[in-house]
Amino acid sequence: MLNMNVKQSFFSADNYIKEFFKVLMEYSPKLVSAFIILAVGLYGIRFINRLSLKIMVKREFDPTLSKFLADILIWALRVLLFVTFISKLGIETSSFVAILGAAGLAIGMSLQGSLSNFAGGMLIIVFKPFRVGDTIEAQGVVGTVSEIQIFVTRIISANNQTILIPNGILSNGIITNFSVAGMRRLDLSFSLSYETNIKEAKDLILEVVCKHPKVLKQPEPVVVVRELTDNAIHLAIRPWAKNEDFGMVSSDLLEQCKNMFDEKGITIQPFVRDKNS
């Protein structure tokens, strides 16, 4: 009896193995062709992406729009490739689409933030509050826009840090674009002692400002008395410079004005804290 059971188990296992190899041999052409399509498709998508970017650059498309359109194209092609791949494996695409549609609602609810970011990216592309290469301030961050992706915008800060801001909050928040006008006004200030001759101090500052080669002649730079406090005369210096020269001009003027004050014996009033505060 024991030998008979062993023989039956052996024949049963042997039949399973034969059936497995039979199904494998019948299904292997579909499996191989599906993976060939997947490999060729992935390579083709990369090729199409590079080609589309080259065409848009050659035709002088807006860099912001070019990258965004390329991202949408590559994701659409990936979805099409995936559907083709599972169809080649023998999975009914109609059933798959029905399942995907049923799951789409739940996925959409869980990915509300991502959908909001996608919509925000579309708004940025359409209304163009900024473009690639612009210097902006948004969400407490100042930097140059290097890339606008489907869901996030990449910004490079002055110290070369890469900052990613979700497009949803970016499109709904306050954005300061420093690049639109092409120039910026510097708002510098000095606090001088009450012994200072105001007219002399203003003339000296204007002399320094007007000699700087990067300060724009128009609009004209101005120096005004901003405030008179208990312990100091506060002068405001308002020259204009191109965006790319803003940081250098600000640093140069502060240094040169300080040297001029030292040379002429004008005292910069230090900050005095109220002892009762």
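Summary table below
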quantity: Test: residue in the range 176-191 that is without any contact (Cβ under 8 Å) to a residue 24 or more places away in the chain, within 30 Å of G133 (Cβ to Cβ) and among the hydroxyl-bearing types (S, T, Y); calculated: no
quantity: Exclusive hit being farther than 25 Å from G140 by Cβ, touching a Leu at 6+ places or on another chain (Cβ under 8 Å) and modelled with pLDDT under 95, set L235, L204, L188; calculated: L235
quantity: I107 within 30 Å of I165 (Cβ to Cβ), within 41 Å of the chain's Cα centre (by Cα), modelled with pLDDT under 60 and of a type in the set (V, I, T); calculated: yes
quantity: The range 220-260: number of residues that are in contact (Cβ under 8 Å) with a residue 12 or more places away in the chain and closer than 18 Å to L186 by Cβ; calculated: 28
quantity: Count of residues meeting criterion [surrounded by 12 or more Cβ atoms within 10 Å (Cβ to Cβ), more than 23 Å from the chain's Cα centre (by Cα) and without any contact (Cβ under 8 Å) to a residue 40 or more places away in the chain] in the range 36-50; calculated: 4
quantity: Residue list for the range 148-158, filter: surrounded by fewer than 16 Cβ atoms within 10 Å (Cβ to Cβ) and not in a loop (DSSP other than H, G, I, E, B); calculated: I156
quantity: Matching residues in the range 112-139 - criterion: being surrounded by fewer than 19 Cβ atoms within 10 Å (Cβ to Cβ), outside any helix (DSSP H, G or I) and of a type in the set (A, V, I, L, M); calculated: V132
quantity: Output for the range 41-54, where each listed residue is of a type in the set (A, V, I, L, M, F, W, C) and modelled with pLDDT of 80 or more; calculated: L42, I45, F47, I48, L51
quantity: D245 being at pLDDT below 95 and more than 28 Å from V180 (Cα to Cα); calculated: no
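Matching residues to (1) crowded, with 17+ Cβ neighbours inside 10 Å; (2) over 22 Å from E255 (Cβ atoms); (3) not charged (D, E, K, R):
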residue	(1), (2), (3)
S146	no, yes, yes
N160	no, yes, yes
P166	yes, yes, yes
I175	no, yes, yes
S179	yes, yes, yes
D187	no, no, no
K214	no, no, no
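The values are calculated or read from the model by the stated rules, or taken from the named source; none is laboratory data. The structure displayed is predicted, hence computed values, not measured ones. Glycine gets a Cβ as well: all are built from the backbone with ideal geometry, and neighbour counts include every protein chain shown.
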